[in-house]
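Below is one structure; the comments refer to it alone.
Please treat every number below as a calculation from the coordinates, not as lab data. Since this is a predicted model, take the numbers as computed values, not measurements.
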């Protein structure tokens, strides 16, 4: 059964980020599913902040992948596969080097490359409640 938590405002995101990482303490690959505007990038910013990243976290929409460094010099890779047209584009960037590096990988639009996700990837669903703007996180 998946865990579910609700965020009623962006102020809740550090709590949700901490809960996700504590719920999956050995996981390194996190795939974020949600509609456009659901808050995937905003949540990844909260995860990076929770892990100590101080640099600006932006969606790598055009670059496909951004790298951030934690205070302990660990890499975090942030992917945005929204613009991927063919799976070959992901093969060309050497996705395996990232996914199997032991580093955190936070993936937006993973449905575009789902067949390449490692079996132990944590799938996180972000659902916007259109009535009140709350976000439901399932992982």
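Nearest 10 degrees is fine. How inclined is helix 13-23 to the longest principal axis of the chain, computing both from alpha carbons?
Helix 13-23 sits roughly 60 degrees off the main axis of the chain.
Would you mind telling me which residue in 126, 87, 44 has the biggest mean-square fluctuation in a Gaussian network model of the chain, where springs connect alpha carbons within a distance under 10 angstrom?
Result: 87 has the largest fluctuation of those listed.
Could you give me the radius of gyration and the Dmax of region 56-99, taking only the C-alpha atoms into account and expressing both in angstrom?
11.4, 35
From the helices alone, meaning DSSP H stretches of at least four residues, give me the mean residue ellipticity at 222 nm for the chain, per-run term -39500 (n - 2.57), in deg cm²/dmol to the nearest 500.
Calculated mean residue ellipticity at 222 nm is -6500 deg cm²/dmol.
Pull up the DSSP beta bridges for region 1-128 and report the antiparallel fraction as a percent, rounded to 5.
Restricted to region 1-128, the bridges split so that about 30 percent are antiparallel.
What is the helix-to-structure angle for 40-50, meaning the angle in degrees between its Cα long axis and the longest Cα principal axis of the chain, kept from 0 to 90 and rounded to the nearest 10?
Tilt of helix 40-50: around 90 degrees.
Just the number: Rg to Rh for region 68-139, Cα atoms, Kirkwood Rh, two decimals.
That ratio is 1.03, to two decimals.
Return the equivalent ellipsoid semi-axes of region 25-75 as a descending list in whole Å, where each equals the square root of 5 times an eigenvalue of the C-alpha gyration tensor.
Over the Cα atoms of region 25-75, the semi-axes work out to 19, 14, 11 Å.
Divide the volume of the convex hull of the Cα atoms of region 4-138 by its number of residues and quote the answer in cubic angstrom per residue.
So the per-residue Cα hull volume is 105 Å³.
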